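The values are calculated or read from the model by the stated rules, or taken from the named source; none is laboratory data. On a predicted model such as this, the values are computed, not experimentally measured, just so you know. Counting neighbours? That spans all protein chains shown, and the Cβs are built from the backbone with ideal geometry, glycine included.
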Amino acid sequence: MKPTVMIGAQWGDEGKGKLVDALAADYDVVARFNGGNNAGHTIMYQGEQCKLHVLPSGIFQKKILLIAQGAVFDPNVLLTELEFCKKHRLKLDLLIDYRVNLVMPYHKLMDGAHEAWKGKKATGSVGVGIGYCYEDRNNRSGIRCEDLLHPIILKEKIVMLLPLKMAILEKVYGIKTNLKVKTIVDDLLVAAKILGPYVGDVSLYVSDNVDKKKLLFEGAMGTMLDGQFGTYPYTVANNTIASSVFPSIGMPQVPLKVIGVVKAYTTRVGGGPFPTEQINADGDTLQTIGHEVAATSGRIRRCGWLDLPIIRFAHRLNRFDSLALTKLDVLSDFSKIPVCVGYRYGKKLFRQYPGNSHQYADCNPIYKVFEGWNKPLGGIKSWTALPKLAQEYIRFIENDIGVPIRFLSLGPQRDALIRL
Ligand code: GDP
């Protein structure tokens, strides 16, 4: 069985966590390979709404969990999730790669300071320091999980880095801090006691098991948030596309099965262009019925109609084998459902995201309007039980992208899923 990678096709929040939780039953291992605790997956478990920021979404199916090199996290956030597992008596079989970088207190301060500096051009970062953690990783100034196992080296690194970080905060951004080497090191050593036993070589584990175990790789962010190919600079600081799984895990380039997760409409959090955004009653209805509130920041998500050119672009970058269409139930209240099938840019027409993010900001959507089915979809368990007009909407997307829709999600619960 080929390893599977699950990738969001839009700006994140497509419902990847729910899908991973539901599909994990078919796998042995679930691995998180990118993003930080700025990501948030909401999963319904035993009737409770659970939010995960670091642990892979396979936790509720009691699978082997991996956090690979490409991810970063704040140790305190992971400690909270481990407490949650203890409270819910969830067995934890976890391996964290030596190379995973940790978010430090100064990363969070720099995140806030840099956003304030950018003013109106702020990226819309959730302010938990992830971009600055990646910046240090790439500058070879990161604190890695391996350092937790070597307290003397850990302290030497903090002693070397902290004065520089404090000087930047104070002299560039004008922020006085009372960060202390001792406090940072002591906190990390407390975390090390708990996390240390889980730290090891994920790259080796995956390479050894790629032909033996069923592997599911969980992308934390959407394609349009990719740090290079997304709507830069309103993106995350790492890669989110399927091929990034290889360097992010450190595994051989075996063929993958790629599942693209597509929300039946579009949302995004923070700044950046969004041509199909509906700043009107329709957008409000999508936001309210879809409960479109960001899992990490609690911010209201911006809402709009499905944008097929970005799904075509996501398919071009990820080469999806199949699609999972989520939140179709949210469209049940609309009598007309527009879908963007192209963009008008001056005299030019674009069928895909244009690649130039400045052009994208000035694109005007061309819509095809579908009749709504006006019936709730909750409880439907088969294709044939779906209203004909909902079937037409689904088939249109499938034919347009040229990729079969194999999973249809009609609610947040694990079993609100039709396999096609
Ligand atoms: P992720 O980051 O892609 O995992 O997505 P989030 O968890 O941030 O946001 C998706 C939200 O939609 C969560 O609150 C899910 O519980 C919810 N959800 C997932 N699938 C469905 C669905 O098919 N219908 C409805 N109504 N909600 C869903």
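Values for this structure:
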{"read-out": "Considering residues of segment 19-59 that are touching a Ser or Thr at 6+ places or on another chain (Cβ under 7 Å) and of a type in the set (S, T, N, Q) only, the residue farthest from Met104 (Cα to Cα)", "value": "Gln49"}
{"read-out": "Number of the condition not met by Leu216 [criteria: (1) more than 15 Å from the ligand (Cβ to nearest atom); (2) crowded, with 19+ Cβ neighbours inside 10 Å; (3) not in a loop (DSSP other than H, G, I, E, B)]", "value": "(1)"}
{"read-out": "Members of segment 24-40 found to be in a loop (DSSP other than H, G, I, E, B) and either at pLDDT below 95 or near the ligand (Cβ under 10 Å from one of its atoms) (or both), listed by number", "value": "Gly36, Asn37, Asn38, Ala39, Gly40"}
{"read-out": "Scope segment 3-18; condition out of contact with any Ser or Thr (no Cβ under 7 Å at 6 or more places or on another chain) and at pLDDT below 95; matching residues", "value": "Gly12, Lys16"}
{"read-out": "Extreme residue, surrounded by the most Cβ atoms within 10 Å (Cβ to Cβ), among residues of segment 68-118 that are among the basic types (Lys, Arg) and either outside any loop (DSSP other than H, G, I, E, B) or on the phi > 0 side of the Ramachandran plot (or both)", "value": "Lys108"}
{"read-out": "Single match in Ala294, Ala264, Ala242 (criterion: surrounded by fewer than 22 Cβ atoms within 10 Å (Cβ to Cβ) and of a type in the set (Gly, Ala, Ser))", "value": "Ala294"}
{"read-out": "Every residue from segment 267-291 that is buried (at least 19 other Cβ atoms within 10 Å of the Cβ), more than 14 Å from the chain's Cα centre (by Cα) and β-branched (Val, Ile, Thr)", "value": "Thr276"}
{"read-out": "Segment 41-67: number of residues that are touching an Asp or Glu at 6+ places or on another chain (Cβ under 8 Å), within 14 Å of the ligand (Cβ to nearest atom) and in a loop (DSSP other than H, G, I, E, B)", "value": "6"}
{"read-out": "Selection within segment 1-23 - within 13 Å of the ligand (Cβ to nearest atom) and aliphatic (A, V, I, L, M)", "value": "Met6, Ile7, Ala9, Leu19, Val20, Ala22, Leu23"}
{"read-out": "Test: residue in segment 307-325 that is within 12 Å of the ligand (Cβ to nearest atom), at pLDDT 95 or above and closer than 27 Å to Asp74 by Cβ", "value": "no"}
{"read-out": "Hits in segment 33-67 - residues which are among the hydroxyl-bearing types (Ser, Thr, Tyr) and surrounded by fewer than 24 Cβ atoms within 10 Å (Cβ to Cβ)", "value": "Thr42, Tyr45"}
{"read-out": "Residues of segment 251-279 satisfying the condition of being touching a helix residue (DSSP H, G or I) at 6+ places or on another chain (Cβ under 6 Å), of a type in the set (Val, Ile, Thr) and away from the ligand (no atom under 13 Å from the Cβ)", "value": "Val258"}
